[in-house]
1. Ranked from highest to lowest mean number of other Cβ atoms within 10 Å per residue, what is the order of the peptides B:150-160, A:57-67, B:35-45?
2. Which distance in nm do the two modelled labels at residue A:190 and residue B:144 give, with both placed 7 Å along the Cα-to-Cβ direction?
3. Quick one: helix A:120-129 against the long Cα principal axis of chain A, what's the angle to the nearest 10°, folded into 0 to 90?
4. By count of other Cβ within 10 Å, fewest leading, how are B:18, A:177, B:23, A:314 ordered?
5. Taking 0.36 nm per intervening residue step and subtracting the Cα-Cα distance, what contour gain separates residue A:65 from residue A:50 on full extension?
6. What angle, in degrees between 0 and 90 and rounded to the nearest 10, separates the Cα long axis of helix A:304-321 from the longest principal axis of the Cα atoms of chain A?
7. With an 8 Å cut-off on Cα pairs and a minimum separation of 6 or more residues, tell me the relative contact order of region A:1-79 in percent.
8. Anything over 31 Å Cα to Cα? Flag those among A:63/A:272; A:63/A:133; A:59/A:133; A:133/A:272, in the order listed.
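Read-outs throughout are calculated quantities, based only on the coordinates presented, and are distinct from any laboratory measurement. All values reported here derive from a predicted model rather than from experimental measurement. Every residue, glycine as well, gets a Cβ built from its backbone with ideal geometry; the counts of neighbours run over all protein chains shown.
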Amino acid sequence: MSEQMFPVLLALAILLGGVAGAAVLTWWERRLLGFWQDRYGPNRLGPFGIGQVIADMIKLLTKDDWVPPFADRVVFIFAPTAIVVAMMMGFAVVPFAPDLMIIDVNIGLLFFLGMTSLAVYSVLLGGLASNNKYALLGGLRSAAQMVSYEVFMGLSLMGVVMISGSFSLVDIVAAQTNVWFCFSQVLGLLVFVIAGIAESHRLPFDLPEAEHELTAGFHTEYGGMKFAMFMLGEYLGLMLISCMIVTLFFGGWLGPAFIGHWLPPLAWFALKVLLVINFFVLLRAAIPRPRYDQLMSLGWKVMLPITLVNLVITGAVLLWMEGGF
Amino acid sequence: MLEIILFYIAASIALIATVLAMTRANAIHALIYLIVSLLAVAVIFFLIGAPFAAALEIVIYAGAIMVLFVFVIMMLNLGEEGDARERGLLQPKIWAGPTLLSLMLFAELLYMISTIEGPVSMQVVTAKDVGLALFGPYVLAVEIAAMLLLAGLVGSYHLGRRYLEREV
């Protein structure tokens with residue numbers, strides 16, 4: 001009974017935790033941004049302004065849920081749900097602690113890549129169904145950006161897969177017991193972080209919704225709960241990418257080898273994820289938005305060669321260590 | 001038993017979605033049904049013991065190739081005019097011939113399936129097996145595919161460059 005109920009309960013916990021986490025993140029991000037930009041951010045409502053989360057939620061829930069008459073109604077309503085569903089599915093393979101995960105499949109990493117690649121439809125179809133030129137341009141940009149960055153997002157992880165010899169995320173964490181992959185796969189980590197930001201289209205890579213040229217890009221026509229779904233999807237994406245960075249490169253639930261494992265595994269995991277999220281917020285505060293052609297040429301002319309070099313070096317070192325030469 | 005129920009659910013979703021994909025006049029709606037159909041096929045792959053093929057089906061077909069299809073439709077932006085033309089293509093005299101030929105193939109397939117005893121395959125094909133097969137007995141096919149892709153890449157670069165030069 002409890003054996004079978006555990007994944008179901010955990011899935012419910014992740015569902016609720018994801019939504020609540022995304023809501024709190026909106027406040028946390030604005031406070032951090034305020035701190036780094038030498039201003040306050042939302043600090044009026046409740047202790048440290050955390051009541052802002054509830055105020056925002058009430059505002060979004062009570063807004064008029066409107067579909068523009070010129071939009072493609074069915075696709076317009078379907079689009080925001082796609083990103084939330086895809087990102088939530090992605091959490092199914094994340095190992096939060098030993099035995100604390102929904103499923104441990106032998107293709108866990110590929111499952112994660114598949115789910116992030118499905119999330120692109122949300123932005124694409126949202127932009128198309130809006131029947132608005134800014135939304136269409138935003139959708140087109142996002143499609144080109146996400147399909148391009150997906151290529152080396154997958155390739156940058158192959159070094160990790162080669163060393164650990166498995167697509168299973170549990171095996172990958174277990175392979176980092178002595179040395180985390182952030183030391184042996186520096187290039188892979190670099191490319192994965194950049195591709196991760198581009199995949200979740202956050203600043204500085206939020207060209208699909210660049211407000212200085214496209215008003216609000218793909219979600220120009222969206223308001224109320226449907227807009228909130230897009231935002232929820234974006235923050236879920238941020239959390240998912242952070243979880244994956246921690247799992248793949250920073251030892252998942254393992255503590256650093258030189259300190260030991262004196263915290264419970266889940267606490268190590270949460271601590272590291274929080275640090276990575278803060279790093280993403282810092283990036284948003286520090287780096288301006290690039291031009292669109294700069295973004296694409298960075299991807300194909302810099303990121304792709306780096307990943308290929310990383311693959312060749314990793315393969316060569318692995319063969320050398322096994323005495324293949 | 002559970003696998004069989006799951007298989008029939010996934011298979012019927014795939015069939016219904018494919019039929020709807022063919023009969024929709026709006027290209028975007030048709031593509032969404034096609035994506036659903038591909039996802040259902042991925043579930044079937046997973047159920048018959050090919051998780052790696054299932055993952056590739058989602059990552060490559062649903063996640064990349066169909067995105068490019070939607071991308072092209074967005075660039076063309078056909079709208080109501082395109083819908084009207086599509087509706088014109090759904091006349092019996094256009095689909096009767098292909099349907100007849102497909103029905104003959106379907107009858108052949110039914111006959112072949114009915115002659116097979118028991119489950120087709122209960123062996124799980126892991127990612128490692130796929131890799132060993134690709135770079136073992138099928139290495140020639142992989143190399144030929146690589147050459148073909150390279151030729152496509154060079155060709156599209158050539159065409160794109162000529163276009164850029166004309167603009168300047």
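1. Values: B:150-160: 10.0, A:57-67: 12.2, B:35-45: 20.5.
Top to bottom by mean Cβ count within 10 Å: B:35-45, A:57-67, B:150-160.
2. Going from the residue A:190 label point to the residue B:144 one covers 4.0 nm.
3. Compared with the principal axis, the helix lies near 20 degrees.
4. On the way: B:18 17, A:177 10, B:23 13, A:314 20.
Fewest to most other Cβ atoms nearby, the residues stand as A:177, B:23, B:18, A:314.
5. Details: separation 15, 0.36 × 15 = 5.40 nm, distance 2.58 nm.
Gain on extension, residue A:65 to residue A:50, equals 2.8 nm.
6. So the helix axis and the longest Cα principal axis differ by about 20 degrees.
7. Relative contact order comes out at 16 percent.
8. Values: A:63/A:272 36 Å; A:63/A:133 24 Å; A:59/A:133 28 Å; A:133/A:272 41 Å.
Cα-Cα > 31 Å for A:63/A:272; A:133/A:272; rest within.
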